[in-house]
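Quick one: the structure is below, and I'll ask about it shortly.
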Amino acid sequence: MFTARFRLPVARVAAAVGFLFLCAEANLASSADVQTAEYQVKAAFLCKFGNYVEWPAQAAARPDSPFGIGVLASDAVVDELMRAAVGQSVNGRPIAVRRLTHGEPVDGLGIIFIARSHAARLAETLAATKEHPILTVTESDQGTPVGSMVNFVVVADKVKFDIALQPAELSNLKISARLLAVARLVTGKAS
């Protein structure tokens, strides 16, 4: 008698479990959608950053050569950046996105993006770009990594970025005041 009064019918339990699975799937789907949207915004920023940075004259091999953006990230992130770069240019030069592999030279690149999924290679990559005229862009929730010039952060579901001026100046890059004005945080002083 006791078990009969407190036992839920099997159909109700199955429906409750099914509902929980649907909720979990919806959360996973919305989480994936949020991450896709996040990388769409970051890709758009990466394609625009170059127009707000002044590179030394010798940085481009030829004035008509493509503007290279190197990427250390998952396939999905690289694909998103490739989609965003179609038809885009930096100072009149078409953007060419290049997936970077371990030990690959950074020649011909104006920007390198290192996603958090490749944080293990962050120090190595930043060291390889040190004192080269390459804008280094990272995404770290712990602040701008040493050597990074631009760091993406997500604040209240919005993609923002911080800028560190010292590494940019060491690489002979001058970041426009217009880009500095829209940064969440700027560290260092412009000379």
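Over region 32-144, give the accessible area per residue in Å² for a 1.4 Å probe, as an integer. Spell out each step's value before the answer.
Numbers: 5730 Å² over 113 residues.
Computed with neighbouring chains in place, this is 51 Å² per residue.
Next question, about the same structure. What order do you get for 140-148, 35-43 when each peptide is scored by the mean count of other beta carbon atoms within 10 Å, highest first?
Values: 140-148: 15.7, 35-43: 17.7.
Going from most to least packed, we get 35-43, 140-148.
Next question, about the same structure. Between region 55-100 and region 103-160, what is the C-alpha centre distance in whole Å?
Using only Cα atoms to place each centre, the spacing works out to 15 Å.
For region 103-170, give the percent of accessible area contributed by carbon and sulfur heavy atoms, probe 1.4 Å, rounded to a whole number. Don't skip to the end; give the middle numbers.
Values: 1700 of 3130 Å².
Within region 103-170, the accessible surface is 54 percent carbon and sulfur.
For I95, what accessible surface area do you get with a 1.4 Å probe? Give it in Å², rounded to 10.
20
Follow-up question, since we're still on this one. Test of understanding: extend the Cα→C-beta vector of T187 to 7 Å, then name every residue of region 108-144 with backbone N under 16 Å from that spot.
Label zone hits: 123, 126-127, 136-144.
May I ask you to order 71-77, 84-90 by the average number of other C-beta atoms within 10 Å around their residues, highest value first?
71-77, 84-90
The values are calculated or read from the model by the stated rules, or taken from the named source; none is laboratory data. Given the structure is predicted, the values throughout are model-derived calculations rather than measurements. Methodologically, a virtual Cβ is constructed for each residue, glycine included, from the backbone with ideal geometry; neighbour enumeration extends over all protein chains shown. Surface areas here come from the heavy atoms of the whole protein model, side chains and all, with no ligands, DNA or RNA. Shrake-Rupley method; radii C 1.70, N 1.55, O 1.52, S 1.80 Å.
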